[in-house]
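Derivation of every value follows stated rules applied to the coordinates shown; laboratory data play no part. Everything quoted here is computed from the prediction, not taken from an experiment. Counting neighbours? That spans all protein chains shown, and the Cβs are built from the backbone with ideal geometry, glycine included.
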Amino acid sequence: MKAIQSETSQVCGLSPEYDPWDPIVSLRKYGRHTLTSVEMTVTNLCNMRCEHCAVGDSLTMKEGEMLPLKTMLDRLEEVEHLETISITGGEPMFRASTVDEVIVPLLQYAKSRGLRSQINSNLTMPYSRYEKLLPYLDVMHISFNYVNGDDFHEVGFAGSAHPVAKEAAYRLYDTMIANAERLSADGMFISAESMINYRTHRKLPEIHRLIGEMGCRRHEVHPMYASSFASSLPMLSLAETAAAIHELLDTRDPEMWMLFGTLPFFACSEEGRDLELIRRLRSEKKVTVRNDPDGRNRVNVNLFTGDVFVTDFADIPAFGNIAARKLDDIFAEWLDRHPLNQTVNCHCEAAGCCGPNLLVKDMYYQNLDFKSRKAITL
Ligand code: SF4
């Protein structure tokens, strides 16, 4: 498995040393935040209703007409420094026609322009839909927060309008695992994301082990924040979150790339606990901490309305539409003028940090002025 891992990382070029989704990369390259990444929402349909779903409230049972794909491709072509695209939903692969008519052409475009690509999926659809992506896709991003089919049943259908039978959930769980194993064996780079939340924080070592067994190349770990379906769930304290990360680091496979994101710990903290964790994360082999891309180097475009958002999941209204304007222009206005961005756009080069995610600030640091702080030398 290790031989396959390093071979694949070389093929798609992504590694702990090279993560083009991290906005610090483009900030260093261009001297200011620059639009290098575009995420597209290609469906609001999904066969699951996960408890933590960040877009749960936008999921629908039917959906309307999508904009002509050419409109989106033309807008992508205009983005001067584009380096990555992400495709999200819903479950993007929910309909076979979306795979053939939207996803594959977007990935072919990305490949032809030398862009890196990612798709977010629950991996429970027929293998044939995923197989079509193998020649083009760089990262298959999945959620994995379970130690067995019962967890999957409880978490994966918590937001369903009707009860879902355990047996039906078990079948999907088995499909997800079989798809992950087969795609990994066929050379796909699967990055499995786990959330640190009230359910998972003591199970992360076991979750990590299962992710390794499926052949995934990377384990992504993000704390869960109050958004959409997750708004009413119990939240962990910062101390519990830090403890869960330490336990995971103690028990992880040191050969697997671990990517932590949207962490609520910053190098300007006055808490010894936070600084100790940051020091440890920096010193661990094959562990990276990604700065949050949303609104830093990335925007989200809804392919049904053309609306442009800072992210697909925060309750922040759209700040532009691709029918009317170029993405670079919409992004520049967000960056320079939007009052929300002005609250979090700090940068401490020595710490490789470009500030908190808006949800993180909202949840843990509402009254803190990050713009007046500086990283403590570690
Ligand atoms: S960039 Fe902002 S959040 Fe990061 S260490 Fe500096 S002041 Fe703190």
Order of 117-128, 151-162 by packing, highest average Cβ count within 10 Å first?
117-128, 151-162
At R0 = 41 Å the Cβ-Cβ FRET efficiency linking Lys70 and Gln342, nearest 0.05, sits at 0.70
Provide, in order from the shortest bin, the percent of all Cα-Cα pairs of region 202-344 in each 5 Å bin, continuing until the bin that contains the maximum pair distance.
2, 8, 15, 16, 15, 15, 12, 9, 6, 1, 0
Quickly rank 87-97, 267-277 as a protection proxy: mean count of other C-beta atoms within 10 Å, highest first.
87-97, 267-277
Label-point separation (nm) for Glu276 and His81, each offset 7 Å from Cα along Cα-to-Cβ?
3.9
Listed by chain and number, the residues whose amide H is under 5 Å from that of Ile376, excluding neighbours fewer than 5 places away on the same chain and using placed H, are Cys268, Ser269
Exceeding 20 Å between C-alpha atoms, which entries from my cross-link table qualify? They are Lys70/Lys326; Lys111/Lys326; Lys29/Lys285.
Lys111/Lys326; Lys29/Lys285
Could you work out the pair-distance distribution P(r) of the chain from its alpha-carbon pairs, with 20 angstrom bin width and percents rounded to whole numbers?
29, 63, 8
Mind checking which of Phe152, Ala192, Gly352 is farthest towards the positive end of the chain's charge dipole, using Cβ charges of +1 (Lys, Arg) and -1 (Asp, Glu) about the Cα centre?
Gly352
In nm, to one decimal, how far is the modelled label at Arg171 from the one at Asp328, with both set 7 Å along Cα→Cβ?
5.1
Per-residue ³J(HN,Hα) for region 196-213, Karplus 6.51 cos²θ - 1.76 cosθ + 1.60, θ = phi - 60°, Hz, x for Gly and Pro:
8, 9, 4, 7, 9, 4, 9, 10, 4, x, 5, 4, 4, 4, 5, 4, x, 5
